[in-house]
Each structure stands twice: as C-alpha cells, then as structure tokens.
1. If residue 196 passes every condition in (1) within 19 Å of residue 135 (Cα to Cα); (2) within 16 Å of the ligand (Cβ to nearest atom); (3) acidic (Asp, Glu) but one, which one does it miss?
2. Give me the residue from region 78-117 that is more than 10 Å from the ligand (Cβ to nearest atom) and among the hydroxyl-bearing types (Ser, Thr, Tyr) and, out of that set, surrounded by the fewest Cβ atoms within 10 Å (Cβ to Cβ).
3. Got a sec? Which strands (runs of 3 or more DSSP E) wholly within region 220-285 have at least 3 residues that are aliphatic (A, V, I, L, M) and on the phi < 0 side of the Ramachandran plot?
4. Restricting attention to region 165-182, report how many residues are at pLDDT below 95 and either under 14 Å from residue 270 (Cα atoms) or not polar (S, T, N, Q) (or both).
5. Which of the following residues is of a type in the set (D, E, K, R) and under 14 Å from residue 27 (Cβ atoms): 226, 236, 196?
6. Where in region 35-128 are there strands (runs of 3 or more DSSP E), lying fully within it, with 3 or more residues that are under 21 Å from residue 160 (Cβ atoms)?
7. So, in region 250-306, how many residues would count as being closer than 30 Å to residue 127 by Cβ, buried (at least 16 other Cβ atoms within 10 Å of the Cβ), away from the ligand (no atom under 12 Å from the Cβ) and of a type in the set (A, V, I, L, M)?
8. Could you tell me whether residue 54 is aliphatic (A, V, I, L, M) and either more than 20 Å from residue 210 (Cβ to Cβ) or away from the ligand (no atom under 15 Å from the Cβ) (or both)?
Amino acid sequence: MMVFSEPAIEQFSSFINCRPTTLFPQIPIVDLSKPESKHLIIKACEEFGFFKVINHGVPVEFISKLESEAARFFSLPLPEKEKAGPPKPFGYGNKSIGQSGDVGWVEYLLLKTNQESDSQTFGSALNDYMSAVKKMACEVLEIMADGLKVQPRNVLSKLLMDEQSDSVFRLNHYPPCPQVQPLNGSDVIGFGEHTDPQIISVLRSNNTSGLQISLRDGSWVSVPPDQNSFFINVGDSLQVMTNGRFKSVKHRVLTNSSKSRLSMIYFCGPPLSEKIAPLPSLMRGEESLYKEFTWFEYKKSAFNSKLADNRLMHFQRI
Ligand code: GA4
C-alpha cells in the first residue's frame, strides 16, 4: 500500500468541519439511450449543475484498463512519479494544487487530450478511454442543445470536436488518510471546493466515496460513488453560454480513512480563441449577464485564482 507521509498529517492545513454528511439520494440519473434524457438533463443542469449518466456507451474494458494503469502509476515510488512533474501545466503533482497555494490530500496527473502523448506511461489505454469519453461528452452536449432548443445541434459539441479544443484530462489519487485525534469530527480535504472553469467535466471514479456537491441552499451532500456510471458537472463556461440558466456546480472531495479513491476526469474545454458568450437564441431579449471574453482570457484569470474563488465574478456585468 502506498504511504503518504510528507507533510505529516498533523501539519496539514486542509481540515474542515463538515459532519454530519447528508447523502444525495435524489441525484438525477440520465439514461442516454432514452428519449426523455433531454428533459432530464436540462432540469438537472438548472437545479444542480450535476447529474449521473448511465448507458453511456464507454466500453468497460477501456475503463478498467486505464484504472489499472493509473493505479500502477500511483503505486510507483515518489521519486519515479516526480520525474513526470511538476504539473506546469501538465504532469505529476502532489498535494499542491494550482499556482496560488491550495493544497489537498491528493496526488494527480494532468494530461493533454489532443496529442498521442503519455503512451509510454499508459499505452493505448489512455487514448482509447479519452476517445470514448469525448464521444460520450459530445452526445451529452448534443442532447443538451436539443433540450435547450438551440441550433445547430452541434453548437456545443463542435467546441470539443475542434482540433484546437483546449480540453484537459486529470487522474486523481486520494490515498487513505489517517484521521487524527483530536481532530475527531473533522474531515481532511482531498480537493477543496471549486467550480470547474470549462464547459462540462466528465468524471468517473472507483467505488470509494468522497465527492460532494453544494446545493443551491449552500448545503453539502455526498454523492454515492458508482464505478459503472459517469458524473457530469456543469462548468463556468456553460453557465455563461446559457446566460446563467445553468449554474456551474461547486464541488469538493473529502478523504476516506481506509480506502483510496481514484478518479479520472475529462474537462471539456473550447479552443483558446473561442468567445464565451450566451448563445443568442437563449437570450430572448435579455441582456448578457457577462462581459465578453475568450476562453484564453478566462483560463488565464482562473489559473491565477485560488481554488475556492468565485472566478466568474470578474466577468459579470453588474
Ligand atoms: C479545476 C478543474 C481542473 O481540475 C483544472 C484545475 C486547475 C489545476 O489544478 O491546475 C485549477 C482549478 C481547476 C481552478 C482554479 C485554478 C486552476 C487549480 C486552481 C487553483 C485542471 C482546471 O482547469 O481548473
């Protein structure tokens, strides 16, 4: 088993008091093979900015192969893994998240999606997985466009299909985290609360709990893990493209004291030069709530922020 000793847990600053945790039983489940999925997706994006996808079409063998490759990578000795770092912007990272001093009880790999790279480490598993997940993400975005009654149907998915699409792939490993006395009743943060800057994020994890989302009333609920499904988060860019009709979901990950959690997330980003603005047909005479900006400008500002910052604030009109 992997030992995660530096810094000692006692020195670790990311504790929060967040018990008791409520489960999120009403999580919207979208069956991609059913015609009603378009209404369910719209409702879920308006209410939670979050939903679970079943009948997703991603082959199980792609998922399990990448999961075992990732587990193998994270079980390497630290100096070996560090050869793949630092994550600026791509590579291996350990506890430190972003450039503004955030920390979490997590190690990770940030990877490009547009190049046949990292094949040395992951063989074909990575590309097989990413292609299948990208296809599924495009399907979700097309059903969403349908549900929003915006045309053409590929208005969102084409941003992902673009050769210049600035998507990112992330593997997160949350080692089991010893809960220390006298911190009983506190949880250690694996990945602190934040919204994702992109359009949507597509997450798959093993069967270890930890993911929580924040509801509209500000309460936190735990998302029961499901290794056979995918979870979709609405990101800041989609909030802007829908002029605030969809809200990007605040989420975080808490550590588990006995089991390790492994997640793989595809962050669907547009090309850097893309203008992020409300889709004209969704405006119905309204004004845009946001100033005009490109994905490059938003990303630059986001990467200078702290994880928990409200990044869209600087781009709001009022
Ligand atoms: C959150 C979503 C993705 O994981 C990520 C993260 C990025 C990073 O880990 O470097 C950021 C974070 C994420 C948002 C604010 C900035 C940038 C850490 C951070 C403090 C890869 C992304 O695109 O934005």
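The values are calculated or read from the model by the stated rules, or taken from the named source; none is laboratory data. Quick caveat, the model's predicted, so the values are computed rather than measured. With ideal geometry, Cβ positions are generated from the backbone for all residues, glycine too; neighbour counts draw on all protein chains shown.
1. Of (1) within 19 Å of residue 135 (Cα to Cα); (2) within 16 Å of the ligand (Cβ to nearest atom); (3) acidic (Asp, Glu), only one is false for residue 196: (1).
2. Selected residue: 117.
3. 261-268
4. 5
5. Step by step, each of 226, 236, 196 is checked, and only 226 is of a type in the set (D, E, K, R) and under 14 Å from residue 27 (Cβ atoms).
6. Because the criterion is at least 3 residues that are under 21 Å from residue 160 (Cβ atoms), the strands (runs of 3 or more DSSP E) in region 35-128 that meet it are 50-54, 102-112.
7. 2
8. Answer is yes for this residue.
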